[in-house]
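As structure tokens, the structure follows; a few thoughts come after it.
The values are calculated or read from the model by the stated rules, or taken from the named source; none is laboratory data. Just so you know, these numbers come straight off a predicted model, no measurement behind them. As a convention, Cβ positions derive from the backbone with ideal geometry for all residues, glycine included, and neighbour counts pool all protein chains shown.
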């Protein structure tokens, strides 16, 4: 055992002292340098700097929009559809009660709960904590629950929330402000962060991931005009626009789908990186694996199948929409298969030096992740609190580089060949079956 | 129908008053109480309401001449009696009916142990009224308070033979509850068994309630209920009316036709919309409307009332048969008519137990003119009904209306009593009773004055 360790150490020393040249490193880690670095590190770094530089002009723009918002002071509807979410509702309404924006109604839609949710919600409705409690006696799926709520909503804007999420006290105000930047903006996504970071290694890794892919990642895509997913956990929509596009269609992945629908209709979507929503994430790896499978499948189902027309030249072709989908498909799906090929080829070409390659790869990734964390610190509104996640950067390579990639790869393959999202119990069978027949 | 009443002796030698048509016994001077022992109603007048009026005016409680006397109805009238049955002792085909004669004897056997009230006395206060009910029950061998739920009465149940006497005012009802309590406290009656728990109006204790669905926001009952439809294919959920298209159901979102429930669509909920305020909701709020007092309450505000059946104890039977019970049960009665000596006792009693800032105010006036005792008693009876919240008494042409009052409200009450007096004067004038009201004055018990002096003032000044 000891001999084996010394062998590896010797190998690494040999690698660094004799074999390691820039050309050798780049040719071995071409995937990292040619694909991951430019997209996920360099681009984000540049945009974050740009973001900092333009801070003042953006602040002015925001102040004007905020003034417009408060002059109009429109009624908004806060809509939280869900099943068996009763235990979270009181916490949710308490956090809404703290909001700086006050002109809102709360609609809770219960999608056929079989626990105490109806009792809790009826009590809260009676006590005036929520304005309308709607219940489907038969479970119809998240999309139908949300549509049910929209039908009875009175607000000009609809803020869609997950019942187990809670908001910063200015989150509603901040998610509404972008509507006043440009009348073409019809939907705004909020920034979702992890509330239970630190509970387990699994939640801490997700906390890091959310910061990088949501707060920074979506800020970047938003700046480039290719922002393509408004989180189901926290998003705001103009009610009229929602009705016009037929509201939500059957999921899973309905949040990405509705964003596509809005973009396709010619309107804009926006990401408010400072409108913060906290949510609990899975604490166990197998639960996380299941959740990510579900999310990943929607990329194939919606972007590749349902909205394939975005990628094709047609009368209403939009380059930004094309780019948005193409970027998503390339980096989240096609390059995953390329990565698999890259890993296999590494295994065959450098069979004798795998451990060294792995260790050096980890070091390079660790350096990259330090850069990425620096970017997070530049963008985040609560940088000091998030600094405690630094130790987890050591293992983030395994999480983002291997676990998430492998999960996505499995999900995409299953969806591509077996249409497995239509069998997901997340949706009732009756709706999934019809959705599959209709190809939506 | 060539006569309205006649008296005929039955085989047992009892005089039976046979009534045909509407006869107000207490107003017929030809018939005296001692002239007859029982009543037989052969036919009623023009309508059912006349029969009802007839029976009530001859009841043990309201009737003076017929006080506690057995009363029977012709068997042919049986179908018309309905809820008035407890006021009747039986049915017979002829006044000489053997069974009827036996029943009369049975009742008289029991009446032999009962001290009758002085029939020349007016109905007096509510407690006397209740005691009359008790005496009636005992004379008929009913020793149990046969409480049962009855839709016909506003209070919802027939406690203590109150059947058919349902003109009780709210004030009387609360006194009735107290009366029952007093009977129990005195050991005259005891609870026999729990019958039922009912819910009554918190304002008037009535049980004739309508439960209505209302809008939780504006309380209106003008609601529209509509099912919502869920179209599986496109996840659209909206009211059924939005799907209606040329007699078919067509989805407003994807325009597909809905053919098969459970396959294409289902109906997951019913949604109410208020037609007054447009509020939408899933669950209506219940409101309760009381038909007796026309007030609306919430179901949670209703008062739960336990209904028990009671039974007279041996001690109770003895006390109620004699007039001993009257003093015992009515010692804390304030409102209603009292004989003058009781009236003075009550004033005295009040002076010992009243609150610091309380006093008693007496409105006294004289009936002047030519009027007989019966006429006066009628007038007093009317007064008692009209001013049931005052203590009322009569003594040698003087009428006393007494009220408890807080010192701070003394002047207001005086004004109110003055207005009442003026109103009474007008009524007396209009009725042309051959009398008029004069010499009105107020007497009140001042702080520190000895009660004997006050009592003397009340009596002496006459």
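So the values come out like this:
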{"read-out": "Failed criterion for residue B:440 (all others in (1) in contact with a helix residue (DSSP H, G or I) (Cβ under 7 Å, 6 or more places away or on another chain); (2) within 20 Å of residue B:348 (Cβ to Cβ) hold)", "value": "(2)"}
{"read-out": "Hits in the range A:408-431 (condition: at the interface with chain B (Cβ under 9 Å from one of its Cβ atoms) and either assigned to a helix (DSSP H, G or I) or in contact with a strand residue (DSSP E or B) (Cβ under 6 Å, 6 or more places away or on another chain) (or both))", "value": "A:430, A:431"}
{"read-out": "Selected residue (only one of B:52, B:4, B:47 is more than 24 Å from residue B:115 (Cβ to Cβ) and free of Cβ contacts under 8 Å to residues at least 12 places away in the same chain)", "value": "B:47"}
{"read-out": "Flag if residue B:276 is in a strand (DSSP E or B), out of contact with any helix residue (DSSP H, G or I) (no Cβ under 9 Å at 6 or more places or on another chain) and either away from chain A (no Cβ under 12 Å) or at pLDDT 90 or above (or both)", "value": "no"}
{"read-out": "Those strands (runs of 3 or more DSSP E) lying entirely in the range A:102-212 with at least 2 residues under 27 Å from the mean Cα position of the chain (by Cα) and surrounded by 18 or more Cβ atoms within 10 Å (Cβ to Cβ)", "value": "A:104-111, A:157-161, A:185-194"}
{"read-out": "Residue match in the range B:172-185 (condition: modelled with pLDDT under 80 and part of a strand (DSSP E or B))", "value": "no"}
{"read-out": "Residues located in the range B:42-59, provided they are surrounded by fewer than 21 Cβ atoms within 10 Å (Cβ to Cβ) and either in a helix (DSSP H, G or I) or modelled with pLDDT under 75 (or both)", "value": "B:45, B:46, B:47, B:48, B:49, B:50, B:52, B:53, B:56, B:57"}
{"read-out": "Test: residue in the range A:253-265 that is at pLDDT below 90, surrounded by 15 or more Cβ atoms within 10 Å (Cβ to Cβ) and assigned to a loop (DSSP other than H, G, I, E, B)", "value": "yes"}
{"read-out": "Residue within the range A:235-253 that is under 14 Å from the mean Cα position of the chain (by Cα), closer than 27 Å to residue A:280 by Cα and within 14 Å of chain B (Cβ to nearest Cβ) present", "value": "yes"}
{"read-out": "Options A:76, A:89; residue that is crowded, with 22+ Cβ neighbours inside 10 Å and either within 14 Å of chain B (Cβ to nearest Cβ) or closer than 23 Å to residue A:188 by Cβ (or both)", "value": "A:76"}
{"read-out": "Residues being surrounded by fewer than 19 Cβ atoms within 10 Å (Cβ to Cβ), more than 15 Å from residue A:247 (Cα to Cα) and facing another protein chain (nearest Cβ under 10 Å) - total across the range B:243-265", "value": "3"}
{"read-out": "Qualifying residues in the range B:203-230 (those that are in a strand (DSSP E or B) and in contact with a helix residue (DSSP H, G or I) (Cβ under 8 Å, 6 or more places away or on another chain)) - the one nearest to the other protein chains (Cβ to nearest Cβ)", "value": "B:230"}
{"read-out": "Selection count, the range B:231-241, where residues are within 8 Å of chain A (Cβ to nearest Cβ) and either under 60 Å from the mean Cα position of the chain (by Cα) or part of a strand (DSSP E or B) (or both)", "value": "4"}
{"read-out": "The listed residue being touching a residue at least 40 places away in the same chain (Cβ under 8 Å), farther than 20 Å from residue A:75 by Cα and away from every other protein chain (no Cβ under 14 Å), out of A:204, A:144", "value": "A:204"}
{"read-out": "The lone exception for residue A:108 - which of (1) in contact (Cβ under 8 Å) with a residue 60 or more places away in the chain; (2) touching a helix residue (DSSP H, G or I) at 6+ places or on another chain (Cβ under 7 Å); (3) within 12 Å of chain B (Cβ to nearest Cβ); (4) within 19 Å of residue A:167 (Cβ to Cβ) it fails", "value": "(1)"}
{"read-out": "Selected residue (criterion: surrounded by the fewest Cβ atoms within 10 Å (Cβ to Cβ)) from residues of the range A:406-427 that are modelled with pLDDT of 85 or more and more than 14 Å from residue A:299 (Cα to Cα)", "value": "A:418"}
